[in-house]
1. At a 10 Å Cβ-Cβ cut-off, how would you order 11, 4, 180, 20, fewest neighbours first?
2. Between helix 200-209 and the chain, what is the angle of the helix's C-alpha long axis to the longest principal axis, kept within 0 to 90° and rounded to the nearest 10?
3. So for 145, 89, fewest C-beta neighbours within 10 Å to most, what's the order?
4. I need 217, 28, 211, 224 ordered by Cβ neighbour count within 10 Å, fewest first.
5. Given the rule -39500 (n - 2.57) for each run of at least 4 DSSP H residues, summed and divided by the residues of the chain, what is its mean residue ellipticity at 222 nm, to the nearest 500 deg cm²/dmol?
6. Label points 7 Å out from Cα along the Cβ direction at residue 208 and residue 34: separation in nm?
7. Which whole-number percentage describes the relative contact order of the chain, with Cα contacts under 8 Å and a sequence gap of 6 or more?
8. Please determine, in degrees from 0 to 90 and to the nearest 10, the orientation of helix 74-86 with respect to the longest principal axis defined by the Cα atoms of the chain, where the helix direction is its Cα long axis.
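Derivation of every value follows stated rules applied to the coordinates shown; laboratory data play no part. Since we're looking at a predicted model, the values are computed, not measured. A quick note on method: Cβ atoms are made from the backbone with ideal geometry, for glycine too, and the neighbour counts reach across all protein chains shown.
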């Protein structure tokens, strides 16, 4: 399976492309868990013993890409889940945002309320019922200028519009529902491709750029091997076209 980054008898580390669910109950919809179980069923030595075990330790939203670790045994799953709970599993993200941060680096602290009915997280006051603290750290990596023709009444004007888009590195301190997307949008830095939290201008630019998925990638993952105790770290450059200009040496 081409998306597997690392595998041993206890764990699987994979790269999930944007647009594919981590796990879904919907029939006829592609998801990583089903693909990995099919892979394990074909490669395991104990074929014919039923569905292979695959423990889901953490997830990424369907429109988000990045690294995930899965457990191949209940022992490994328990060890990895403890690390996600106590914060020992470290994750780093790259996000392409509309605009540029006011400060080149900083910490964002908010309280989020998950609106399950609308599948959306809202920034609320600390006293709001069921509000949970959300904390992340960010660092500006690079800002690029985007030039596009200004369209008016079906005709191109003689001048062009200039917009800034930025690559931001993010370290999650807490792991809340849609946390990165909600917190950055609240600071006027919506992610490109985000139709849920984006602004009218970011949605317009995303449409023109052909960005159909959220420009967010979990590019680095570090944890302690749940059986051997070895410290492991994995890193992969984002594959989405919206990220490529930031990783081109000539720019």
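1. Least to most surrounded, the residues fall as 4, 20, 11, 180.
2. 70 degrees
3. Ordered from fewest to most neighbouring Cβ atoms within 10 Å, 145, 89 come out as 145, 89.
4. Going from least to most buried by this count: 28, 224, 211, 217.
5. Result for the chain, helices only: -5000 deg cm²/dmol.
6. Inter-label distance under the simple model: 3.8 nm.
7. It comes to 20 percent, rounded to a whole number.
8. Helix 74-86 and the main axis of the chain meet at about 40 degrees.
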